[in-house]
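Read through the structure below, which is laid out as structure tokens, and then see the notes.
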Amino acid sequence: MTEFRDYTAEVVRTLFPDVAAFRHRWANPDRRAEVLEALQEKGINPAEAAHALGNPDADPFDLLCGIAWNAPVLTRKERAARLRSSKSNFFTTYAEPARQILDALLSKYAEHGPAEFSIPDSLKVPPLSDLGNVAEITQRFGGEDKFRYAVVHLQELLYAA
């Protein structure tokens, strides 16, 4: 296991000079996909690593930062709770019907991980599907573009600190 940790740390530090650069790429969902692809090319799967290292509830970002830079490893639930308490003003900028969607997405992330931000797939399963179909959900935000912006911004705030 030590070899795996050392290898993973080396790969992450080679791809990113510091935590700030890694955070910047990870916070954006499109760039996160590129990061995950680069890691996969090197044989690293954060979800598998979390299980192998006995920390399956860790956020993949935090797990990799912990391995590469000895940063504290937060669970997804801890990261979600921190966002809810420190950035509550983000949620209040949206009307209640839209807030329900954002809260449900964040809860799904806390339970299952960042893949739950995959739109529109995550909207098609409960509890989000219970709140309407994809078109009805995006209308709660004033349209698809505004909805996508809200979900991307949610993720940026989630990984801001």
**Report entry** Reach of Lys77 by Cα under 20 Å, taken over lysines that are not fewer than 8 positions away in the same chain
**Finding:** Lys87, Lys108
Report summary line: As straight-line cross-link partners of Lys124, the qualifying aspartates and glutamates (C-alpha separation under 14 Å, not fewer than 8 residues apart within one chain) are Glu116, Glu136
Query raised in the report: How compact and how long is the stretch 29-132, expressed as Rg and Dmax of its alpha-carbon atoms in Å?
Result: 15.0, 43
**Report entry** Angle between the chain longest axis and helix 29-41 axis [Cα atoms, degrees, rounded to 10]
**Finding:** 30 degrees
Requested in this report: Take the alpha carbon atoms of the stretch 11-55, find their center, do the same for the stretch 65-136, and report the distance between the two centers in whole angstrom.
Outcome: 19 Å
**Report entry** Rg/Rg_globular for the stretch 76-158, with Rg_globular taken as 2.2 N^0.38 Å and Rg from C-alpha atoms
**Finding:** 0.98
Query - Relative contact order computed over the chain (Cα-Cα under 8 Å; 6+ residues apart), in percent - result: 23 percent
Query - Residue list for the stretch 1-42, given a label point 7 angstrom along the Cα-to-Cβ vector of Ala115 and an amide N cut-off under 17 Å - result: 29-30, 32-41
Query - Spherically averaged projected area of the stretch 6-77 from its Cα convex hull (nm²) - result: 4.3 nm²
Query - Rounded tilt (10° steps) of 76-86 against the dominant C-alpha axis of the chain - result: 60 degrees
Report task. For the chain, find the longest principal axis of its Cα atoms and tell me its angle to the long axis of helix 144-158, 0 to 90°, nearest 10. Result -> 40 degrees
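Just so you know, all these numbers are worked out from the coordinates, no wet-lab data involved. Note that this is a predicted model, so its numbers are computed, not measured. Backbone-built Cβ (ideal geometry, glycine too); neighbour counts: all protein chains shown.
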